[in-house]
Amino acid sequence: MHMGYARLLLKLINIRSLKEKRSHVKRLINDLRKKFNVSVIESGKNDSKAYMEIAFSIVARSKGELDSLIERVENFIEYDCGYMIVDEEKEAW
């Protein structure tokens, strides 16, 4: 078994309040949990309207499958959800 972890800093556009940001965060977290079965949290930038920081972890049978899943999650966030990934940190074991 292999485990992977990623922390992503996402740029938010046209967010006027923290309440509006929170709805985006909740929606993204729920979508990632449903679609990819990952453990995901908002890991930082809680008081920022311009950025959202999330962290997620994945368990897979092989290193190749793990790398593929992490890439699919990142692509989903950027292309399907429309968030821009500004910074990322990844580890795999």
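So the values come out like this:
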quantity: From ILE41, ILE54, residue being on the phi < 0 side of the Ramachandran plot and out of contact with any Phe, Trp or Tyr (no Cβ under 9 Å at 6 or more places or on another chain); calculated: ILE54
quantity: Residue list for segment 1-19, filter: open to solvent by less than 30 Å² (accessible area, probe 1.4 Å) and either without any contact (Cβ under 8 Å) to a residue 60 or more places away in the chain or of a type in the set (Ser, Thr, Tyr) (or both); calculated: ILE15
quantity: Among the candidates GLU74, GLU53, residue that is open to solvent by less than 50 Å² (accessible area, probe 1.4 Å), more than 24 Å from SER17 (Cβ to Cβ), at pLDDT 95 or above and not aliphatic (A, V, I, L, M); calculated: GLU74
quantity: Every residue from segment 1-39 that is of a type in the set (Ser, Thr, Tyr) and within 15 Å of ILE54 (Cβ to Cβ); calculated: TYR5, SER23, SER39
quantity: Residue within segment 28-40 that is surrounded by 12 or more Cβ atoms within 10 Å (Cβ to Cβ) and without any contact (Cβ under 8 Å) to a residue 12 or more places away in the chain present; calculated: yes
quantity: Inter-residue pairs, beta-carbon under 6 Å, first of a type outside the set (A, V, I, L, M, F, W, C) and in segment 45-57, second surrounded by 15 or more Cβ atoms within 10 Å (Cβ to Cβ) and assigned to a loop (DSSP other than H, G, I, E, B), 6+ apart; calculated: LYS49/ILE15; TYR51/LYS45; GLU53/LYS45
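The values are calculated or read from the model by the stated rules, or taken from the named source; none is laboratory data. Values in this document were obtained by computation on a predicted structure and should not be read as measured data. All Cβ positions, even for glycine, are placed from backbone atoms using ideal geometry, and neighbour counts span all protein chains on display. Remember, those area values only see protein heavy atoms, side chains included, never the ligands or the DNA or RNA. Shrake-Rupley method; radii C 1.70, N 1.55, O 1.52, S 1.80 Å.
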